[in-house]
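Below is one structure, written out as structure tokens, with a few remarks after it.
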Amino acid sequence: MNKSGFVDAVLRAARERGLRVEANRNGVQQICFNEKSGKSLHTGHLESLHPAILNPAFSVTEINALIEAVAPGRPCTHRGMREIIEHIHCGK
């Protein structure tokens, strides 16, 4: 899966999971993982996670570390992003 396909798949999976996907003030698409805190990941974050986050051998801790390295201070995004990656892996 190339970078563009990955970003599209993540945004589609987020919408299917009922997460809000919207353009931020800079016009960049982002996934809002927590309505209260406003914590989100935008397409630049997603592009930075590709292809490493697709490694099926990575543990929860390793995936969390990848997300933290790309988007520090957003721990509420970790679970939702892991679920999206699982969705992509399983083709659900």
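Here is how the numbers come out for the structure above:
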read-out: Contact order relative to length of the chain, as percent, for alpha carbon pairs under 8 angstrom and 6 or more apart; value: 27 percent
read-out: R0 of 35 Å, Cβ-Cβ distance Thr61-Lys3: FRET efficiency to nearest 0.05; value: 0.90
read-out: Kirkwood-type radius of region 24-92, with distances r between different C-alpha atoms, in Å; value: 12.4 Å
read-out: Potential extension, Val21-Arg79 segment - 0.36 nm per residue separation minus Cα distance; value: 19.2 nm
read-out: Test item: Cα-centred dipole of the chain, Lys/Arg +1 and Asp/Glu -1 on Cβ, debye; value: 240 debye
read-out: Thr61, Thr77, ranked by accessible area, largest first (probe 1.4 Å); value: Thr61, Thr77
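The values are calculated or read from the model by the stated rules, or taken from the named source; none is laboratory data. If you're wondering where the values come from, they're calculated on a predicted model, not measured in any experiment. Neighbour counts are summed over all protein chains in view; Cβ atoms, including those assigned to glycine, are modelled from backbone coordinates with ideal geometry. When the accessible area is computed, the model is the full protein with side chains, heavy atoms only, and any ligands, DNA or RNA have been set aside. Shrake-Rupley method; radii C 1.70, N 1.55, O 1.52, S 1.80 Å.
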